[in-house]
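**Q** Before I ask anything, let me first share the structure, which is written out below as structure tokens.
The values are calculated or read from the model by the stated rules, or taken from the named source; none is laboratory data. Not measured: the values here are computed from a predicted model. Every residue, glycine among them, receives a Cβ derived from its backbone with ideal geometry; neighbour counts consider all protein chains shown.
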Amino acid sequence: MQEATELAITFAALGDPVRRAIVDRLAAGDATVSELAAPFPISLQAVSKHIKVLEAAGIVSRRREGQTRPVRLEPELLDRTAAWLHEHARRLEARYARLDAVLDDMKENR
């Protein structure tokens, strides 16, 4: 059940295009809130709120470095989410392959 809760929180956090863009940017390396906000036509405060959602989900973290608090991507959670998706895709592909075999048999027996 914990996995289901973690997945729900992760997908909810990644459901917003601004948050996905922030995650994409952080894949290239750590960044400050100002750097993350630069490409968006929204306030620093709005970007900070998006970062807090990502942080609460465990997707990003912040640390203090002098006067700044760089945001860092935490890939472990995304790796677990990707593994879950991959496993479900594998199962679906196996089901489709079985369905294709049944349909082929039906065509041959016509």
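**Q** Just checking, does the stretch 36-55 include any residue being under 19 Å from ALA13 (Cα atoms) and touching a residue at least 40 places away in the same chain (Cβ under 8 Å)?
**A** yes
**Q** Another question about this same structure. Farther than 19 Å from ALA4 by Cα, of a type outside the set (Phe, Trp, Tyr) and touching a Pro at 6+ places or on another chain (Cβ under 9 Å): is that true of ALA94 in this structure?
**A** no
**Q** If you don't mind, another one. Taking the stretch 20-31 on its own, how many of its residues are surrounded by 12 or more Cβ atoms within 10 Å (Cβ to Cβ) and of a type in the set (Gly, Ala, Ser)?
**A** So the count comes out to 2.
Quick grid of which residues meet (1) of a type in the set (Phe, Trp, Tyr); (2) over 12 Å from the mean Cα position of the chain (by Cα); (3) at pLDDT below 90; (4) under 18 Å from ALA28 (Cα atoms):
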residue: LYS49; (1), (2), (3), (4): no, yes, no, no
residue: LYS52; (1), (2), (3), (4): no, yes, no, no
residue: ALA57; (1), (2), (3), (4): no, no, no, no
residue: VAL60; (1), (2), (3), (4): no, no, no, yes
residue: GLU65; (1), (2), (3), (4): no, yes, yes, no
residue: THR68; (1), (2), (3), (4): no, yes, yes, no
residue: VAL71; (1), (2), (3), (4): no, yes, no, yes
residue: GLU76; (1), (2), (3), (4): no, no, no, yes
residue: ALA89; (1), (2), (3), (4): no, yes, yes, no
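**Q** Output the residues belonging to the stretch 8-19 that are closer than 17 Å to THR81 by Cα and surrounded by 14 or more Cβ atoms within 10 Å (Cβ to Cβ).
**A** Listed by number, the residues that qualify are ILE9, THR10, ALA13, LEU14, ARG19.
**Q** Taking helices (runs of 4 or more DSSP H) that fall entirely within the chain, which contain at least 2 residues that are of a type in the set (Val, Ile, Thr)?
**A** Values: elements: 2-13, 17-26, 33-37, 44-57, 75-108.
Those helices (runs of 4 or more DSSP H) span 2-13, 17-26, 44-57, 75-108.
**Q** Kindly establish whether PRO39 is over 17 Å from the mean Cα position of the chain (by Cα) and either at pLDDT 95 or above or over 24 Å from HIS88 (Cα atoms) (or both). Don't jump to the end; show me each part of the working.
**A** On the way: over 17 Å from the mean Cα position of the chain (by Cα): yes; either at pLDDT 95 or above or over 24 Å from HIS88 (Cα atoms) (or both): yes.
Against the criterion (over 17 Å from the mean Cα position of the chain (by Cα) and either at pLDDT 95 or above or over 24 Å from HIS88 (Cα atoms) (or both)), PRO39 qualifies.
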